[in-house]
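In what follows, a single structure is set out as structure tokens and then discussed.
Every number in this text was worked out from the coordinates using simple rules, so none of it is lab data. All of these numbers come straight from a predicted model, not from anything done at the bench. Backbone-built Cβ (ideal geometry, glycine too); neighbour counts: all protein chains shown.
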Amino acid sequence: MYARVARWEGADGEALRRSAEEINANAASGPPEGVPATGFLMLIDPDTGRSLAVSLFETEDDLRQGDQALNAMSPSGDDVGKRTSVETYTVAVDIRA
């Protein structure tokens, strides 16, 4: 399994909360078109305006396809900050309750 981790900074705290609510509301329809992700986590810190978006993929090919699609997307507004980095990782441990 592979993870794509995007870091965002400079957001308005309320905008982060609204963005998270919007993503949760759309979660039942699955990932965006062109993103073959098997999981997603969004970590937010409204007090500092920072967030992390962690997308999970089964294969390296899925990761490459998802990365390309996600890089082409734009956030819903400038108030959610700017993406400052994107890194990819191999998931070594995945423990869920």
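Just in region 14-64: which GluC sites (Glu not before Pro) are loop by DSSP and have at most 11 other Cβ atoms within 10 Å?
Glu33
Give me a comma-separated list of calculated 3J(HN,Hα) values for region 21-35, in order, Karplus coefficients 6.51, -1.76, 1.60 applied at θ = phi - 60°, integers in Hz, x for any Gly or Pro.
5, 5, 5, 4, 5, 9, 4, 4, 7, x, x, x, 4, x, 10
Using amide H atoms built in the peptide plane, which far-off residues or other-chain residues are under 5 Å from Gly81 H to H?
Residues meeting the amide H criterion: Asp12.
From the helices alone, meaning DSSP H stretches of at least four residues, give me the mean residue ellipticity at 222 nm for the chain, per-run term -39500 (n - 2.57), in deg cm²/dmol to the nearest 500.
Taking each H run of at least 4 residues, the total per residue is -9000 deg cm²/dmol.
For a bin width of 5 Å, list the pair-distance distribution of the chain built from all Cα-Cα distances, rounded to whole %.
Cα pair-distance distribution for the chain, in percent: 3, 13, 23, 25, 20, 13, 4, 0.
If you take the Cα Rg of region 3-56 and divide it by 2.2 N^0.38 Å, with N the number of residues, what do you get?
With N residues counted in region 3-56, Rg over 2.2 N^0.38 Å equals 1.14.
Distance in nm between label sites at Thr38 and Arg64, each 7 Å beyond Cα in the beta-carbon direction?
For Thr38 paired with Arg64, the spin-label model returns 1.9 nm.
How many angstrom lie between the Cα centre of region 68-97 and the Cα centre of region 1-62?
Each part's Cα centre sits 6 Å from the other's.
Picking from Leu52, Leu16, Leu43, which is most flexible by a Gaussian network model of the chain using Cα springs under 10 Å?
Largest GNM mean-square fluctuation: Leu43.
What dipole magnitude, in Debye to the nearest 20, does the chain give about its Cα centre under +1 on Lys/Arg Cβ and -1 on Asp/Glu Cβ?
100
Report the trypsin sites (Lys or Arg not before Pro) located in the chain that are in a DSSP loop and have at most 15 other Cβ atoms inside 10 Å of their Cβ, or state none.
For trypsin sites (Lys or Arg not before Pro) across the chain that sit outside H, G, I, E and B with at most 15 neighbouring Cβ atoms in 10 Å, the list reads Arg96.
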